[in-house]
Amino acid sequence: MEASLCKSKGVIKVFNRFFPDECADSAYKIDYERLYTQGYRGLLFDIDNTLVPHGAPADQKAVALFKRLKEIGFRCCFISNNQKERVASFNQPIQVSFIENAHKPSVKNYRKAMERLGTSQDTTIFIGDQLFTDIYGAKKAGIRNILVKPIHPKEEIQIVLKRYLEKIVLHFYYKEEGIS
């Protein structure tokens, strides 16, 4: 029994690097006013399946969210592994900073985004839907992060495969957090 407990804690420790700091049902349901009062000033966002279904343009909901975030006082930046054409066209009606072809989970562009926004690790939060790119990269960069549920089930095959692995990691995360 004790050996199995040690083995279980070892597995949790290995997966811990992928555990989100917080989870939310949607980027649209986060209490941004609370985050602002806590001293956060920069918000970094993934786009596909975080804000809209994969490949979709910015919709009215996304445009309204970023209008509200700007009114609260946040500076925002999209960090996407997509190419410039996709990210620029999504950003056109929103008009925030963006970094395309970001190579997440590499920390380089998380840092570049904070530099552009004039924020630090302590005043920046990343919001995304994937553990192995979005959340892992933010954790490596020392940024608080919020994992949101993917908006749409239709995804590219490489992401579908990662989702199976994410389910395993999230099982241990929920177990560790006492969430059923």
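The values are calculated or read from the model by the stated rules, or taken from the named source; none is laboratory data. All values reported here derive from a predicted model rather than from experimental measurement. Glycine also receives a Cβ, built like all others from the backbone with ideal geometry; neighbour counts cover every protein chain displayed.
Got a sec? Which of Ile79, Ile135, Ile125 is surrounded by 22 or more Cβ atoms within 10 Å (Cβ to Cβ), in contact with a helix residue (DSSP H, G or I) (Cβ under 7 Å, 6 or more places away or on another chain) and either free of Cβ contacts under 8 Å to residues at least 60 places away in the same chain or not hydrophobic (A, V, I, L, M, F, W, C) (or both)?
Values: Ile135 fails: either free of Cβ contacts under 8 Å to residues at least 60 places away in the same chain or not hydrophobic (A, V, I, L, M, F, W, C) (or both); Ile125 fails: either free of Cβ contacts under 8 Å to residues at least 60 places away in the same chain or not hydrophobic (A, V, I, L, M, F, W, C) (or both).
Result: Ile79 is the single residue among Ile79, Ile135, Ile125 that is surrounded by 22 or more Cβ atoms within 10 Å (Cβ to Cβ), in contact with a helix residue (DSSP H, G or I) (Cβ under 7 Å, 6 or more places away or on another chain) and either free of Cβ contacts under 8 Å to residues at least 60 places away in the same chain or not hydrophobic (A, V, I, L, M, F, W, C) (or both).
Would you tally the residues in segment 83-111 being polar (S, T, N, Q) and either surrounded by 20 or more Cβ atoms within 10 Å (Cβ to Cβ) or in a helix (DSSP H, G or I) (or both)?
Looking only at that region, the number is 3.
Condition first: in contact with a Lys or Arg (Cβ under 9 Å, 6 or more places away or on another chain), under 28 Å from Glu176 (Cα atoms), in a strand (DSSP E or B) and modelled with pLDDT of 95 or more. Now tell me which residues in segment 23-47 satisfy that.
Correct list: Ala24, Leu43.
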